[in-house]
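For reference, the structure discussed in these notes is given below.
The values are calculated or read from the model by the stated rules, or taken from the named source; none is laboratory data. This is a predicted model, so every value here is computed, not measured. All Cβ positions, even for glycine, are placed from backbone atoms using ideal geometry, and neighbour counts span all protein chains on display. Side chains included, ligands, DNA and RNA excluded: accessible areas come from the protein's heavy atoms. Shrake-Rupley method; radii C 1.70, N 1.55, O 1.52, S 1.80 Å.
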Amino acid sequence: MGFLFSKIWSLFTNEEHKVIIVGLDNAGKTTILYQILMNEVVHTSPTIGSNVEEVRWRNIQFLMWDIGGQESLRSSWSTYYAGTEFVILVVDSTDRERLHISKSELYQMLANEDLKHAAVLLYANKQDVKGSMSATEISQQLNLTSVKDHGWHIQACCALTGEGLYQGLEWIGSRIKR
Ligand code: G3D
Ligand code: MG
């Protein structure tokens, strides 16, 4: 019923905002998508290809794509870029060894013509784990202040509890002109 209603609503508003959720494998992308969607933690297995869900939040309709992050799948990310308004880049804040890979994926995305107008929300996920990097530390490591040609925002979060996820969506909502 909720789905039907949101479908009808979207016919009136005629607006669905495309969001892609990217990040390395195991970062927490699928957990985040389903936490936002259903407010619960689902048991995930590595995403092959992608999951897509319609998410309605504060009268805003989103189409959210959760794209597999294993190395072999990363080259296909760009096939999802067209029409994307928001990129959610999920970083595993415990994974210091691979932060440089997230960094190069980020700058590769920012350089892509299809994402020229997209804004980036970074989730510094797994904040519940002791010793994880803070959002500030990640922001420094990724040199985010050098990003001038895209809107960006970094939000600390824990996908298991949902903490921080809605603050991130607030930022996205604030960028949607209505
Ligand atoms: P992915 O879709 O980015 O590949 P998943 O990642 O959503 O499948 O999550 C990968 C693993 O990280 C899962 O653990 C998931 O429960 C865990 N995870 C996701 N978010 C958090 C978080 O905020 N804190 C902690 N501690 N763990 C998190 P399993 O054990 O199922 O592989
Ligand atoms: Mg996944």
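Taken over the stretch 104-160, the convex hull of the Cα atoms encloses 85 Å³ per residue. Here the spin labels are modelled as points 7 Å beyond Cα on the Cα-Cβ line, and at residue 79 and residue 176 they lie 2.7 nm apart. Candidates 162, 142, 117 compared by Cα position along the dipole of the stretch 15-175: farthest toward the positive end lies 142, with charges placed on Cβ.
Ordering 137, 163 by accessible surface, largest first, gives 163, 137; the 1.4 Å probe counts only protein heavy atoms, with every chain in place. Report, for the stretch 17-110, the % of DSSP beta bridges that are antiparallel, rounded to 5. In the stretch 17-110, approximately 45 percent of DSSP beta bridges are antiparallel ones.
Partners of residue 18 within straight-line reach, counting lysines whose Cα lies under 29 Å from its Cα and excluding those fewer than 8 residues away in the same chain: 7, 29, 103, 116, 126, 148, 177.
Using 0.36 nm per residue, how much length does the chain from residue 57 to residue 96 gain when fully extended, once their Cα-Cα distance is taken away?
Computed gain between residue 57 and residue 96 is 10.8 nm.
Computed extension length for residue 43-residue 116: 22.8 nm, one decimal, from 0.36 nm per residue of separation with the Cα-Cα distance subtracted. Across 101, 36, 138, mean-square fluctuation computed from a Gaussian network of the chain (C-alpha pairs under 10 Å connected) peaks at 101. Restricting the calculation to Cα atoms, every distinct pair contributes to the Kirkwood radius of the chain, found to be 16.4 Å. For residue 130, the aspartates and glutamates whose Cα falls under 20 Å of its own Cα, not counting residues fewer than eight places away in the same chain, are 92, 95, 97, 163. Among beta bridges identified by DSSP and lying wholly in the stretch 15-175, the antiparallel ones come to about 30 percent. What do you get for the angle between helix 165-175 and the principal long axis of the chain? Use alpha-carbon atoms, 0 to 90 degrees, nearest ten. For helix 165-175, the angle is close to 70 degrees. For the chain, a simple Cβ point-charge model (Lys and Arg +1, Asp and Glu -1, everything else neutral) yields a dipole of about 340 debye relative to the Cα centre.
For the stretch 31-127, the fraction of C-alpha pairs more than 19 angstrom apart is 45%.
Adding -39500 (n - 2.57) for every DSSP H run of four residues or longer, then dividing by how many residues the chain holds, sets the calculated 222 nm ellipticity at -9000 deg cm²/dmol. Using the Cα coordinates of the stretch 81-178, the gyration tensor eigenvalues translate into equivalent-ellipsoid semi-axes of 22, 17, 10 Å, sorted from longest to shortest. At a probe radius of 1.4 angstrom, the accessible area of the chain per residue rounds to 52 square angstrom.
With Cα atoms defining each centre, the stretch 12-72 and the stretch 142-178 are spaced 15 Å apart in the structure.
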